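Below: one structure, written as structure tokens.
The values are calculated or read from the model by the stated rules, or taken from the named source; none is laboratory data. Computed from a prediction, not measured in an experiment: that's the story for all the values here. When we count neighbours, we look across all protein chains shown, and the Cβ atoms used for this are built from the backbone with ideal geometry, even at glycine.
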Amino acid sequence: MNDKLIIAQKMPYPIEVEKGKDYYWCRCGRSNKQPFCDGSHKVTSFSPVSYKATETKKMFFCGCKSTSNQPFCNGTHEKERYFKPVKYLAKSD
């Protein structure tokens, strides 16, 4: 099983969420429908993070997959040294 996080992008995804709608944030970074899950995590031990919008507004979903405030951005991507460990892989196009 491949349990390495893939950095989808080093910035948040601004998404206009709709009140009452469920969203499933991609935790592993493999989804082709970022920042949301497309089932690509099935080759890992990761699972998507569910979020139900309580109001309609713009939310900033994490792109680096390393936030401590899942599924939302907490600025971790701005800490350049954080992305130097070997355990993180850049997503290839």
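In the range 29-53, which residues are closer than 12 Å to Q70 by Cα and of a type outside the set (S, T, Y)? Residues satisfying the conditions are P35, P48, V49.
When both residues are 6+ apart or on different chains and their Cβ atoms are under 8 Å apart, which pairs have a first residue that lies in the range 53-79 and is of a type in the set (K, R), and a second that is part of a loop (DSSP other than H, G, I, E, B)? Matching pairs, first to second residue: K65/L5; K65/A8; K65/C26; K65/R27; K65/C28; K65/G29.
Just so you know, in the range 76-93 the residues that are surrounded by 12 or more Cβ atoms within 10 Å (Cβ to Cβ) and either in contact with a Pro (Cβ under 6 Å, 6 or more places away or on another chain) or not aliphatic (A, V, I, L, M) (or both) include one that is modelled with the lowest pLDDT, and it is Y88. Pairs linking a residue in the range 6-29 that is under 11 Å from C73 (Cβ atoms) to a residue that is among the polar types (S, T, N, Q) and crowded, with 18+ Cβ neighbours inside 10 Å, with Cβ atoms under 7 Å and 6 or more positions apart or on different chains, are Y13/Q34.
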